[in-house]
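The values are calculated or read from the model by the stated rules, or taken from the named source; none is laboratory data. Just so we're clear, the structure is a prediction, and the values are computed from it rather than from any experiment. Neighbour counts are summed over all protein chains in view; Cβ atoms, including those assigned to glycine, are modelled from backbone coordinates with ideal geometry. Each accessible area value is taken on the protein alone, full model and side chains, heavy atoms only, with ligands, DNA and RNA left out. Shrake-Rupley method; radii C 1.70, N 1.55, O 1.52, S 1.80 Å.
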Amino acid sequence: MSLDLSKKPILVIGAGIMGTGIAQVAAQFGNTVYLFDSKEQAASVALKKLSESLQKLVDKSKITGEQFNAILKNIIPIDQISEAASAELVIEAIVENLSIKRSLFQELETVVSAQCILATNTSSISVTAIANGLKHPERLVGMHFFNPVPLMKLVEVISGLETNPLVAESIFQLATVWGKVPVYARSTPGFIVNRIARPFYAESLALIQEQVASPQVIDTCLKAAGFRMGPCELMDLIGHDTNFSVTSSVYEANFYDKRFTPSIVQRDLVDGGLLGKKSGRGFYSYTTDNPSTNDQVNTQPADSACKNLVLHGSGPLVDFFIQNLDRAGFVHTRKSHSDWVGIEIDGKTIRQTTGEVATALGEDVAVFDLCLNIGGDIAIAWAPSIRASQAWIEQCPGWLKALGFNPKQIQDSPGLIVARTIAMLINEAADAVQQDVCTATAVDQAMKLGVNYPQGPFEWLHSWGIKPVVKLLDSLSTFYRGERYRVSPWLRIRSYQ
Ligand code: NAI
């Protein structure tokens, strides 16, 4: 039976950003929290800062005076770990270093009782490796919080090879009591969120490296698809040094699997000290204005004199196109059973991407991106064939506007921006499930709560369909002939159904 840790004394080690946040949450839910840091006075200083920030919340009526008092009363800064010998759970949030974490836990085994559960908040180190050398490795578990701890709901509960399932269950239940949404994961590089999120950054960095699209256009299109922040502004916020180091550690931990190759675009930013918001410049400059998305171009209107306008395909997106064309008075016919979605104008076509580049489809052809939010004036990436006539290239934005989009021209490339990114997120999620890192439900919860994705990868898969996703990934794989785009066995096997 799992242990009920609610209201039990807890030792939090490391009074930095994470440790202080964890102590706050535990104290808020009635646990007595001993807070220890190896740096002299660090725990008391952290408590003083916490008190100041909580006072602001009282002033704004976000918490009551009683809550303020209860939280602070429950946190006891200590100078020696031995003062917390009665703790029934230790949560470690110290520096991200395997040998330092290992020796801390070995020391702890000489202080706390044999029943005390040991949890690590590591974001990237193997829980199995940290447990190596412990007398009781079965009591060590990962309890991975997200920053800022009081606000972020997700907790990844990570089992190493030796973790007792009842220990993981006890942590899962405690996280629930603390108002969090815990998900189980096996200890593998990046756990759930830091692994599955890699393509969100990697694909945008690849598009920038290939000069397919600017950071502004990439961010605009992915925000139009429902992401709260675009990947470039998000990397700027996280810091390119931090983001690059997570990518590099996942890459190394996977024996340099090309799937996780870091980007030279990002390494350049790191080497040049362009770390993002904290250094004043990354993809964007923060010393002048906010990220500018002013990429307006003059668009010539759709040619109402065209003779033969045909809508291809069916579904809500095509219905949306019809509404817009009807409203603007365009006469059109329809091929509902066409094997592509889009519009044909006197024999020239603008099609939704299925992964093939426009240039492979013909001369006066353009492709547009996956549309996850159907609605007026949604930013959408589009690209003409490199064989297209100038006249056709100039006409395309007008037609895309007539269909209801706010078109953003990029260079021809497979899967454009949104389709490529979402397909790769789904692919990574599928691999995680294939390798029993976690369940599909856990993936969706983790990505929505840990990194605020508008939907989970399996929810996207459900609405998009396995066959189109696999087709798009196969197109990427054929085009680049690289390991990055190999299709997850989980998707491949299901694509034959
Ligand atoms: P931090 O640098 O803000 O705090 C670490 C604290 O640990 C410092 O106060 C330091 O004096 C103390 N410390 C270092 N070695 C110690 C030792 N041997 N014994 C006792 N105290 C020691 O670091 P942060 O950001 O709070 O990260 C802590 C852990 O949480 C790391 O493992 C990190 O990977 C993980 N993490 C960090 C997240 C973040 O966004 N910052 C998110 C999730 C996990």
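Right, Leu57: more than 13 Å from the ligand (Cβ to nearest atom) and part of a strand (DSSP E or B) or not? In short, no.
Here is a yes/no grid of residues against (1) in contact with a helix residue (DSSP H, G or I) (Cβ under 7 Å, 6 or more places away or on another chain); (2) outside any helix (DSSP H, G or I):
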residue	(1), (2)
Gly415	yes, yes
Ile422	yes, no
Asn427	yes, no
Gln445	no, no
Lys448	no, no
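Looking only at residues of the stretch 254-267 that are touching a helix residue (DSSP H, G or I) at 6+ places or on another chain (Cβ under 9 Å) and open to solvent by 50 Å² or more (accessible area, probe 1.4 Å), we find that the one that is nearest to Leu234 (Cα to Cα) is Arg267.
Put simply, of Gln115, Gln80 the only residue that is of a type outside the set (Asp, Glu), open to solvent by 20 Å² or more (accessible area, probe 1.4 Å) and within 15 Å of the ligand (Cβ to nearest atom) is Gln80. Within the stretch 128-154, the set of residues being out of contact with any Phe, Trp or Tyr (no Cβ under 9 Å at 6 or more places or on another chain) and aliphatic (A, V, I, L, M) comprises Ala129, Val141, Met143, Val149, Leu151.
When the stretch 1-41 is limited to residues that are among the basic types (Lys, Arg) and either in contact with an Asp or Glu (Cβ under 9 Å, 6 or more places away or on another chain) or within 14 Å of Ile71 (Cα to Cα) (or both), the one that is nearest to the ligand (Cβ to nearest atom) turns out to be Lys8. Considering only the stretch 142-160, I want to know if a residue exists there that is outside the structural domain of Asp444 (by TED's automatic domain parsing) and more than 16 Å from the ligand (Cβ to nearest atom). Yes: one or more hits.
Of all residue pairs spaced 6 or more apart or on separate chains, those with beta-carbon atoms under 6 Å, a first member in the stretch 245-272 that is closer than 17 Å to Glu203 by Cα and a second member that is assigned to a helix (DSSP H, G or I) and polar (S, T, N, Q) are Val246/Asn194; Pro262/Thr247; Pro262/Ser248; Val265/Gln209.
For the stretch 99-106, the criterion of being within 21 Å of Pro148 (Cα to Cα) and under 33 Å from the mean Cα position of the chain (by Cα) is met by no residue.
Give the residue, chosen from Trp464, Trp490, that is among the aromatic types (Phe, Trp, Tyr), open to solvent by 10 Å² or more (accessible area, probe 1.4 Å) and under 17 Å from Gly355 (Cα atoms). Result: Trp464 is the single residue among Trp464, Trp490 that is among the aromatic types (Phe, Trp, Tyr), open to solvent by 10 Å² or more (accessible area, probe 1.4 Å) and under 17 Å from Gly355 (Cα atoms). Do we find that Ala131 is crowded, with 19+ Cβ neighbours inside 10 Å, modelled with pLDDT of 95 or more and away from the ligand (no atom under 13 Å from the Cβ) in this structure? Yes, satisfied.
Residue by residue through the stretch 308-362, note down the ones that are touching a residue at least 40 places away in the same chain (Cβ under 8 Å) and open to solvent by 50 Å² or more (accessible area, probe 1.4 Å). Pro316, Gln323, Ala328, Asp346, Lys348, Thr354, Glu356, listed by residue number. Checked against (1) within 24 Å of Asp436 (Cβ to Cβ); (2) outside the structural domain of Glu107 (by TED's automatic domain parsing); (3) out of contact with any Pro (no Cβ under 9 Å at 6 or more places or on another chain); (4) within 14 Å of the ligand (Cβ to nearest atom), Asn243 passes all but a single condition, namely (1). On inspection, Ile91 passes the criterion of being of a type in the set (A, V, I, L, M), in the same structural domain as Met143 (by TED's automatic domain parsing), closer than 22 Å to His144 by Cα and in contact with a Gly (Cβ under 9 Å, 6 or more places away or on another chain).
Matching residues to (1) more than 16 Å from the ligand (Cβ to nearest atom); (2) in a loop (DSSP other than H, G, I, E, B):
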site: Ile91; (1), (2): no, no
site: Glu96; (1), (2): no, yes
site: Ile100; (1), (2): no, no
site: Thr122; (1), (2): no, yes
site: Thr163; (1), (2): yes, yes
site: Leu166; (1), (2): yes, no
site: Thr176; (1), (2): yes, no
site: Asn194; (1), (2): no, no
site: Tyr201; (1), (2): no, no
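Please work out which residue is nearest to the chain's Cα centre (by Cα), limiting yourself to the stretch 200-211 and to residues that are open to solvent by 10 Å² or more (accessible area, probe 1.4 Å) and not hydroxyl-bearing (Ser, Thr, Tyr). Step by step, filter the stretch 200-211, then rank; the result is Ala202.
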